[in-house]
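Student: Take this structure, written in structure tokens, and hold onto it; I'll ask about it next.
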Amino acid sequence: MMKTTMLATLLISLLSACDSPNNDAIGKVASEKERKQKLAEIRQVANQGPYKASFESFKQYEIPEWYQDAKFGIFIHWGPYSIPAYNGEWYPRKMYRDEKGSDEKAHHAKTWGSQTEFGYKDFIPMFKAEKFDADKWLTVIKNSGAKYIVPVAEHHDGFSMYDNSYTRWDSVEMGPKRDIIQELKNASEKNDIHFGLSSHRAENWWFFDGGREMPSDVQDDAYRDLYGPAVNRETSEQGETPPSQEFMDDWLLRTVEIVDMYEPELIWFDWWMASEPFHQHVKEFTGYFYNKGVNWDRMPALNYKEHADMRSFIPGSAVLDIERGGMTDIHPHFWQTDTSVSKTSWGYVTNHEYRDANSLVDDMIDIVSKNGSLLLNIGPKPDGTIPDEEVKLLAEIGGWLKLNGEAIYKTRPWIIYGEGETFVPDGKNSNDGEKNRKDFNSSDVRFTKNGDTLYATFLAWPGNNSKVTIKGITPERYSNKIESVTMIGVKDELAFKQTDAGLVVTLPIKSPSKYAQVLKIK
């Protein structure tokens, strides 16, 4: 009996040790032979047709209707970086670096201890997600009016939120001990929400480079499989230390695996895969993804970024994504803005500066009028709950969409995007478009259409019972005789007159909506 008890105790001890980042067992990581076999398969599928692994071949791609109809999605940044909850999801990088205006390095040493004794890896056992409930998340998302979700599968930190065959550092072997991505996919399917995933793996090449310039656990080869090569970012971007073939092959294997396992309808990439050294592997991935998608129920989509002098896809062959910015005018190809409910962070922190629902609704309307979609990020707490402020914010957006959604969903741009005083800078090459833009005002009107119906949305209320002239709706642009003008949420038709100067409308005595107000013109 004593021997049995001792054996059981030993087994429990060993199993508990498996969750420790100090355990250097590789676990289930794919063998070199398996990697080579899979790479050969990927390259075969990528070129089997109808697509080939070339940017020229992707010109035949057509952005799927489901995506162009959806208009609004929810991004989810969640991982071990939610444990320190300090300044943002780049804490893992900055805790090893001295950066102008940043104090993460000093904060970490003071709060958690020396970076040699307590490194980023040591947050992982603390990341338990004990209150995570995918169904509750999807209820919140459904109530927001969003039509698709994009949880982060792997961020720059090298920790995967799914059962990753190419690393031990994932949410199934460590931390939550659950396949977070699979649970979210199951919940999204039950709620008829389109399911996407994001990969930020490319940036892991240099993300922890500061740890090589100071005493830290990044220099310990036992954790190289988490911290990555940690090559200097500046020399890498200058082409002096480009990512190795081994690293890029690993990037390809990991990214294809999430396609094979979860069949996402959307893959979102961060900016660094647009750098020239990645191009061949990006082409191979895209050929694989598109060729696989041809046989799915719905053709998937892929997001890419343009950053400084980094370019990859031919416009229209994938969906351009702009971080925290917009377009000045209607873009000929469907595109997307990704931004956050927080002005200061993408992941959970305790010092958020939140945006308000009014500004987010206005941004959505502006983006949709210019042929885009809004991907709005939330950052759950480490225990797996969504902060109350974010639940409330999403509910407010959902309330507006419940009333006015017909001016957003399934619409397309009109002849012009709109009119008004507020200039929206073109954000294709920067991520500070939100900072440089003034708030919209009552002069700002945005147009969308669905069939024979034209929607004109005021981004701020012009005033009760006021008479306004919508200058963009002139006889040259709108030659048909207007039969009726109504405001969504108001029972009676509005008085109007078509003139050479524009459409003159008398507004109701009270706004039916807390935020933007929608005219429906037939």
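The values are calculated or read from the model by the stated rules, or taken from the named source; none is laboratory data. Just so it is clear, the structure is predicted and the values come from calculations on it, not from any experiment. Counting neighbours? That spans all protein chains shown, and the Cβs are built from the backbone with ideal geometry, glycine included. To get the accessible areas, we keep the full protein, side chains included, count just its heavy atoms, and leave off ligands, DNA and RNA. Shrake-Rupley method; radii C 1.70, N 1.55, O 1.52, S 1.80 Å.
Student: Is it the case that some residue within region 177-194 is of a type in the set (Asp, Glu), buried (at least 17 other Cβ atoms within 10 Å of the Cβ), out of contact with any strand residue (DSSP E or B) (no Cβ under 8 Å at 6 or more places or on another chain) and within 30 Å of residue 142 (Cα to Cα)?
Tutor: yes
Student: What number of residues within region 334-363 are part of a helix (DSSP H, G or I) and either surrounded by fewer than 24 Cβ atoms within 10 Å (Cβ to Cβ) or charged (D, E, K, R) (or both)?
Tutor: Adding up the residues that qualify gives 6.
Student: Taking region 184-238 as the search range and keeping residues that are β-branched (Val, Ile, Thr) and touching a residue at least 12 places away in the same chain (Cβ under 8 Å), which one is nearest to residue 106 (Cα to Cα)?
Tutor: Selected residue: 218.
Student: For region 134-157, does any single residue satisfy the condition of being farther than 22 Å from residue 341 by Cα, open to solvent by 40 Å² or more (accessible area, probe 1.4 Å), of a type outside the set (Phe, Trp, Tyr) and not in a strand (DSSP E or B)?
Tutor: No, every residue in region 134-157 fails to be farther than 22 Å from residue 341 by Cα, open to solvent by 40 Å² or more (accessible area, probe 1.4 Å), of a type outside the set (Phe, Trp, Tyr) and not in a strand (DSSP E or B).
Student: For region 191-206, give me each residue that is more than 16 Å from the chain's Cα centre (by Cα) and closer than 22 Å to residue 263 by Cβ.
Tutor: Across region 191-206, the qualifying residues are 191, 192.
Student: Among the helices (runs of 4 or more DSSP H) confined wholly to region 1-88, which include 1 or more residues that are at pLDDT 95 or above and either farther than 30 Å from residue 408 by Cα or hydroxyl-bearing (Ser, Thr, Tyr) (or both)?
Tutor: 32-46, 65-70
Student: Identify the residue in region 313-333 that is of a type in the set (Val, Ile, Thr) and not in a loop (DSSP other than H, G, I, E, B) and, among all such residues, is modelled with the lowest pLDDT. Break it down stepwise before answering.
Tutor: Of the residues in region 313-333, the ones of a type in the set (Val, Ile, Thr) are 314, 319, 322, 328, 330.
Add one more test, that the residue is not in a loop (DSSP other than H, G, I, E, B), and what stays is 319, 322.
On the way: 319: 98, 322: 95.
Checking each candidate, the answer is 322.
Student: Got a number for residues in region 112-126 being β-branched (Val, Ile, Thr), crowded, with 18+ Cβ neighbours inside 10 Å and not in a helix (DSSP H, G or I)?
Tutor: 0
Student: Is it the case that region 435-447 has a residue that's on the phi < 0 side of the Ramachandran plot, part of a loop (DSSP other than H, G, I, E, B), in contact with a Ser or Thr (Cβ under 8 Å, 6 or more places away or on another chain) and surrounded by 21 or more Cβ atoms within 10 Å (Cβ to Cβ)?
Tutor: yes
Student: Still on this structure, please answer the following. Quick one: which residue in 396, 389 is open to solvent by 30 Å² or more (accessible area, probe 1.4 Å), under 22 Å from residue 326 (Cβ atoms) and not in a loop (DSSP other than H, G, I, E, B)? Before you say what the answer is, go through the steps one by one.
Tutor: Numbers: 389 fails: under 22 Å from residue 326 (Cβ atoms).
Criteria check complete, one pass: 396.
Student: Out of curiosity, is residue 480 open to solvent by less than 20 Å² (accessible area, probe 1.4 Å) and either modelled with pLDDT under 95 or farther than 30 Å from residue 88 by Cα (or both)?
Tutor: no
Student: Okay, moving on. Considering (1) modelled with pLDDT of 95 or more; (2) over 40 Å from the mean Cα position of the chain (by Cα); (3) part of a loop (DSSP other than H, G, I, E, B), say which one residue 490 fails and leave the rest.
Tutor: Of everything listed in (1) modelled with pLDDT of 95 or more; (2) over 40 Å from the mean Cα position of the chain (by Cα); (3) part of a loop (DSSP other than H, G, I, E, B), residue 490 misses just condition (2).
Student: Then there's this: Looking at 85, 129, 109, which one is open to solvent by 40 Å² or more (accessible area, probe 1.4 Å) and among the aliphatic types (A, V, I, L, M)?
Tutor: On inspection, the qualifying residue turns out to be 109.
Student: State whether one or more residues within region 463-472 are farther than 30 Å from residue 343 by Cα, assigned to a loop (DSSP other than H, G, I, E, B) and modelled with pLDDT of 95 or more.
Tutor: Yes, region 463-472 has at least one match.
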